[in-house]
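Below is one structure, written out as structure tokens; comments come after it.
The values are calculated or read from the model by the stated rules, or taken from the named source; none is laboratory data. None of these values were measured; they are calculated from a predicted model. Every residue, glycine among them, receives a Cβ derived from its backbone with ideal geometry; neighbour counts consider all protein chains shown.
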């Protein structure tokens, strides 16, 4: 067996991996190399185009079969279908497998309509009626190696890490790779899962599993997580939202850039680079929003409750279109996942499947009082608040005025829809 990684980000256009994802990928590939070395194997790294790279390796090695684990992004689905067709025409055995999801997206459909499901509760109920996901098999202790190995690039030659080293916070916060994923899961099951239902909404508490980047990069299987945490229904339901995101992306691939609810195509968004920049830098004057944006910049991650607050602030207080937020998260999150990023932003903006209504507008001050009552999370990421407020900016918008304007914009969209 010859393990291969092919780097072809241009084939994922318009969503090639962002800066934080590339940093994680470098660490993940390095750890995978070490793991394969321990099994008596190695990792062969090539650059794309993917089809040409695979055909070259088939010629060099005399391979008779090519296998991979499926991905579900629209551009990758189309690419992989072409690769399968071309390899089979050459007489090469080729197959792909599901390792990234609990259930294949095309297997969950409405019972009466046979249509893709757009309401999470009904979707997850249908998932739970399926046969339970299988237990992962034990990893092999050795892998059979070829008599001669094909040439390989080094991980460093892919130039995934930043030229200017801004990743110190990521290194301090994460342990990419299979062992890091196993440790995170073990720690969560041992000490976090029992209090997850309450702690998951407290950003100052380490009450979430933090498995999302490990799941995205395939360092741990969702089936492994499912079987380890199956007794915690609140947590496995979050795995269900992950499944729902991939289900929606598979059936509605245009939603990466377009709203699922078509009426939002005429929503009167505001285009203001100054306000957008203040949001990106954590300088909005709303402490919970700014703490979240600074946590994101420093660690490549943000607590889920705070993600909802900062997304609501961008799309409703600032009335900046959700795609701008999706682009920023895509570049800065270590767990940037196209399906989940799309679902999260469309859900908050009110334009996606089973979305929060647009007129439900978070008050960021009250959210802070409710979920960070002692201010521990805010003080951690906005230290100037503990010294003097003189260096902290005033609010860039007034909450009450912004809320009225957002509701007026929503009503304008509804009237425009009614006139059509």
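Please go through the range 374-394 and pick out each residue that is under 17 Å from residue 283 (Cα atoms) and out of contact with any helix residue (DSSP H, G or I) (no Cβ under 9 Å at 6 or more places or on another chain).
Within the range 374-394, 383, 387, 388, 389, 394 qualify.
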Taking the range 142-158 and keeping only residues that are in contact with a strand residue (DSSP E or B) (Cβ under 9 Å, 6 or more places away or on another chain) and in a helix (DSSP H, G or I), one is left with 157, 158
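Go through the range 1-120 and tell me which helices (runs of 4 or more DSSP H), entirely inside it, have 1 or more residues that are within 20 Å of the chain's Cα centre (by Cα) and at pLDDT 95 or above. Please lay out each step first, then the result.
Details: elements: 19-38, 50-61, 74-89.
Here the list reads 19-38, 74-89.
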Matching residues in the range 148-178 - criterion: being surrounded by 15 or more Cβ atoms within 10 Å (Cβ to Cβ) and on the phi > 0 side of the Ramachandran plot: 177
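Here's a check for you: in the range 159-178, which residue that is part of a helix (DSSP H, G or I) and in contact with a helix residue (DSSP H, G or I) (Cβ under 7 Å, 6 or more places away or on another chain) is farthest from residue 221 (Cα to Cα)? Working first, answer last.
As a first pass, look at the range 159-178 and keep what is part of a helix (DSSP H, G or I): 168-173, 178.
Next cut, in contact with a helix residue (DSSP H, G or I) (Cβ under 7 Å, 6 or more places away or on another chain) only: 169-170, 173, 178.
Values: 169: 26, 170: 23, 173: 21, 178: 10 Å.
Here the answer is 169.
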So which residues in the range 376-402 are over 15 Å from residue 288 (Cα atoms) and crowded, with 17+ Cβ neighbours inside 10 Å? 402
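Of these, 359, 371, 313, which one is touching a helix residue (DSSP H, G or I) at 6+ places or on another chain (Cβ under 7 Å), farther than 21 Å from residue 243 by Cβ and crowded, with 21+ Cβ neighbours inside 10 Å?
313
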For residue 306, indicate whether it is closer than 24 Å to residue 23 by Cα and crowded, with 24+ Cβ neighbours inside 10 Å. yes
Within the range 265-275, residues surrounded by fewer than 18 Cβ atoms within 10 Å (Cβ to Cβ) and in contact with a helix residue (DSSP H, G or I) (Cβ under 7 Å, 6 or more places away or on another chain) come out as 266, 268
Mind counting the residues in the range 227-240 that are touching a residue at least 60 places away in the same chain (Cβ under 8 Å) and surrounded by fewer than 17 Cβ atoms within 10 Å (Cβ to Cβ)? 2
Residues of the range 78-93 being without any contact (Cβ under 8 Å) to a residue 12 or more places away in the chain and either under 19 Å from residue 251 (Cα atoms) or in contact with a helix residue (DSSP H, G or I) (Cβ under 8 Å, 6 or more places away or on another chain) (or both), which ones? 78, 81
